[in-house]
1. Filter the stretch 206-226 down to the residues that are in a loop (DSSP other than H, G, I, E, B), touching a strand residue (DSSP E or B) at 6+ places or on another chain (Cβ under 9 Å) and not aromatic (Phe, Trp, Tyr) and list them by number.
2. Could you tell me whether any residue of the stretch 71-80 is assigned to a loop (DSSP other than H, G, I, E, B), at pLDDT 95 or above and open to solvent by 50 Å² or more (accessible area, probe 1.4 Å)?
3. Could you grab the pairs with beta carbons closer than 8 Å, sequence gap of 6+ or different chains, first residue in the stretch 278-289 and of a type in the set (Ser, Thr, Tyr), second one open to solvent by 50 Å² or more (accessible area, probe 1.4 Å) and at pLDDT below 95?
4. Of all residues being buried (at least 19 other Cβ atoms within 10 Å of the Cβ) and at pLDDT below 95 in the stretch 208-233, which is nearest to Leu57 (Cα to Cα)? Just the residue, please.
5. Condition first: aliphatic (A, V, I, L, M), touching a helix residue (DSSP H, G or I) at 6+ places or on another chain (Cβ under 8 Å) and in a loop (DSSP other than H, G, I, E, B). Now tell me which residues in the stretch 3-51 satisfy that.
6. Which of the residues that make up the stretch 106-118 are part of a helix (DSSP H, G or I), closer than 25 Å to Leu342 by Cβ and either touching a residue at least 24 places away in the same chain (Cβ under 8 Å) or open to solvent by 50 Å² or more (accessible area, probe 1.4 Å) (or both)?
7. Of everything in the stretch 52-63, what is closer than 14 Å to Ala178 by Cα and either among the charged types (D, E, K, R) or touching a helix residue (DSSP H, G or I) at 6+ places or on another chain (Cβ under 7 Å) (or both)? Give them in sequence order.
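The values are calculated or read from the model by the stated rules, or taken from the named source; none is laboratory data. Note that the structure is a prediction, hence the values are computed from the model and not measured. Reconstructed Cβ throughout: ideal geometry from the backbone, glycine too, with neighbour counts over all protein chains shown. To get the accessible areas, we keep the full protein, side chains included, count just its heavy atoms, and leave off ligands, DNA and RNA. Shrake-Rupley method; radii C 1.70, N 1.55, O 1.52, S 1.80 Å.
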Amino acid sequence: MEAYLDNSATTRAFEQVKDLVVKTMMEDYGNPSSLHRKGLEAERYVKTAAEAVAKTLKASPSEIIFTSGGTESNNMAIIGGAKANCRVGKHIVTSTIEHASVYNVFGHLEEEGWRVTYVPVDEKGQLRKEALLEALEPDTALVSVMYVNNEIGSVNPIGEIGALIKEKNPRTLFHVDAIQAYGKYRISPAREKIDLLSVSGHKIHGPKGVGFLYIKNGTKFAPTVFGGGQQRGFRSGTHNVPGIAGLGEAARLIYEDHEEKIAEMYRLKKLFVELVSELPDVQVNGYSDERSAPHVVSVSFGGVRSEVLLHALEEKGIYVSSGSACSSNHPAVSGTLRGIGLEKRFLDSTLRFSFSVFTTEEEIRYCAEVLGELLPVLRRYRRM
C-alpha cells in the first residue's frame, strides 16, 4: 500500500486541472500579448483565472498578479512593498518562524541597510501580539506574517494582527504568506486588513511553477521584474498560460463544497493524532484541534532521528517530510521548532504529516500501524 502524507510539500493535481493545462499547451497555446485570435484565446484563459482567484478572496481581478510560485510571490511582496514604502521608514518586521522565502528576504534587506525586528512566537507557534505591538514604530514600512506555519500548522489570527498594525500605523503595509492557508480558509484581504498576500498553485492541487500575489488596489508597490509591462507593470514577462489556467481552475475547485472538504480533513487529523498519541514517547507539537490548520500534524518521536524514520516509512510506501520541503536538503535544525521551544531531544526527531482532499482514512490507519511497528525496532537499533 502507498500513503502520500506530504501534501504541504506538494499536492496531486485535480484531473480537471491536468486536462486544462494540456489543452492550453497543445491547442490554445497562443501568447496572450499577441493581437490575433490565438492570442485573444490565451488572454481569455488569463482573465478567467484572475476572476476565479479574485472571487475566492472577494477581491478585484485587477488585484491579482500571477507569478512563478510562492517564493517569487513572497520575494516580490516584501522587496516591492518595502522599497515602495521606504518614505515611511526603513524598518520592517516579521516573526521568528517564517518560511525561508520570507526569512531570507528579510536577511537580504538587513544586509542592504534595513532595520529588522523579529517577533517571537509562543509555544504553540502563534505570534505574540504584545511583542508585535512593541515592535511597531512610526517608521515601520512593512510587516510580514505567515497565516499558517508550514511545519507545525499553527494559525495566526491574521484579522486581529491586521487591525493592530493599521491602528498603530495605517501607513505600514501588511504582507501575509498564505501559501499553506489558501484553500484551507476563507480569506478576505479587505476584512483582514491585508495589503499583500502570497499563494502557490501546487499546494492546492494546481500546477507547479505558478502562483499569485494579491496587491490591494492603491498600494504603493515597486516592481522587481522589468520588461514589456505585462500585469500592470508589476511583473513583466510572457504569461505562463497553462500554469495560470490550471491555477485558476484549482482555486475554483478547492473552494467547491469547501466546508465539507475541511471537515473531513479535520476528522482525519483528529484520528491520526489519537492513533499516534497512543505510541510511547511521542509528542504532537502545537495545537492538534481546530485551533490549528486542518492538514498539518507535527510529531516528535523520542529516540529516533527524523531522517532515519522518514526513510524507514518510505520503504513501507509512506511519504512524509522532516520539515519544510524547501529546506529538506539542508540539515540545519528547524527555526520553527526552536522558536516554539521544543525540547532539545526532539529537535532532530520530528516529522511532518500533511493531508489533502485526496487523503483517505485507510492511509491514516496504515501510517499509524507502521509507526507502531517501526519505532521499537529503530529505538533498539539506536541504543545498540
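1. Gly206, Lys208, Val210, Lys216, Thr219, Lys220, Pro223, Thr224 - these are the residues of the stretch 206-226 that are in a loop (DSSP other than H, G, I, E, B), touching a strand residue (DSSP E or B) at 6+ places or on another chain (Cβ under 9 Å) and not aromatic (Phe, Trp, Tyr).
2. Scanning the stretch 71-80 turns up no residue that is assigned to a loop (DSSP other than H, G, I, E, B), at pLDDT 95 or above and open to solvent by 50 Å² or more (accessible area, probe 1.4 Å).
3. So the pair list comes out as Tyr287/Lys124.
4. The residue in question is Gln231.
5. If the condition is that a residue be aliphatic (A, V, I, L, M), touching a helix residue (DSSP H, G or I) at 6+ places or on another chain (Cβ under 8 Å) and in a loop (DSSP other than H, G, I, E, B), then Leu5, Ala9, Ala13 are the ones that fit.
6. Across the stretch 106-118, the qualifying residue is only Phe106.
7. Once the filter is applied, which keeps residues that are closer than 14 Å to Ala178 by Cα and either among the charged types (D, E, K, R) or touching a helix residue (DSSP H, G or I) at 6+ places or on another chain (Cβ under 7 Å) (or both), the stretch 52-63 yields Val53, Thr56.
Here's the yes/no breakdown for (1) open to solvent by less than 50 Å² (accessible area, probe 1.4 Å); (2) among the acidic types (Asp, Glu):
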position: Pro120; (1), (2): no, no
position: Glu151; (1), (2): yes, yes
position: Ile158; (1), (2): yes, no
position: Pro170; (1), (2): no, no
position: Ala181; (1), (2): yes, no
position: Ala190; (1), (2): no, no
